[in-house]
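Working notes for the structure below.
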Amino acid sequence: MAKTNITGHKRDVSCTYCGREIEISTRAMSVFCPHCQKRVVCENYTIKSYHAVRNIATCGDVIIEKRGHVVAPIRAESLIIRGLVRGNIIARNRVEIESTGVVQGNVEARRLIMRDGAKLMGACKISRNGAPPKPQPPSASAAQPSGRTPTNIRQATRPAAPKPKGASTTTNTPT
């Protein structure tokens, strides 16, 4: 769960993109991160049916019910899985896979709780801080979509065309 300030009108959450702390209103559903300028969703989600999207990113909690089926990577504060998830999971706090839960993908969290009968088909990383990876600073290699730089791209070479039979290899120059 997200931390609540003493005043009760504000709470501290972490940006799902850059991982830095943001102070927001307790009633906020989304805000723009002042550090990375990206929209941060602060809602809790409960998924009860098939849900295929590009990704799910929230600084709230996600619950996938028994008939829930998610095909997307998930970033959340905490995650409870009773259904099926196909995609990588990054949680700042904990991931709990119930006895009916199935995860097909990698899991990274501070805590992983697996009940008897739960299935995890992928790698598991227990992180100390649970923060998402820090973004790379823009550089010259950022312009290359595959991360290649001009120095490590191999030049394509074409084999020389075969010479016809009887052709000479010397050239005649008029004198």
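A simple packing score, the average count of other Cβ atoms within 10 Å per residue, orders the peptides 14-21, 45-52 as 14-21, 45-52, with the highest score first.
Amide H contacts of R20 (H built 1.01 Å from N, in plane; Pro and chain starts excluded): C15 sit under 5 Å, all sequence-distant by 5 or more or on other chains. Determine, at each q value in 0.23 (inverse angstroms), the log₁₀ of I(q)/I(0) that the Debye formula gives when each Cα of region 1-118 is one equal point scatterer. Taken in order of the listed q values, log10 I(q)/I(0) reads -1.25.
For a quick check of your reading of the filter: which trypsin sites (Lys or Arg not before Pro) in region 86-124 sit in a DSSP loop and have no more than 16 other Cβ atoms within 10 Å? Listed in order of number, the matching sites are R110, R115. Distance between the modelled labels on H35 and R128, one decimal in nanometres: 1.8 nm (7 Å Cα→Cβ projection). Sorted fewest first by neighbouring Cβ atoms within 10 angstrom, I64, I126, I97 come out as I126, I97, I64.
Between D116 and H51, the distance separating the two model label sites (each 7 Å from Cα on the Cα→Cβ line) works out to 2.9 nm.
Under the combined filter of DSSP loop state and at most 14 neighbouring Cβ atoms within 10 Å, region 28-92 retains these GluC sites (Glu not before Pro): E43.
Where a number appears in this text, it was derived from the coordinates with a stated rule and is not lab data. If you're wondering where the values come from, they're calculated on a predicted model, not measured in any experiment. Methodologically, a virtual Cβ is constructed for each residue, glycine included, from the backbone with ideal geometry; neighbour enumeration extends over all protein chains shown.
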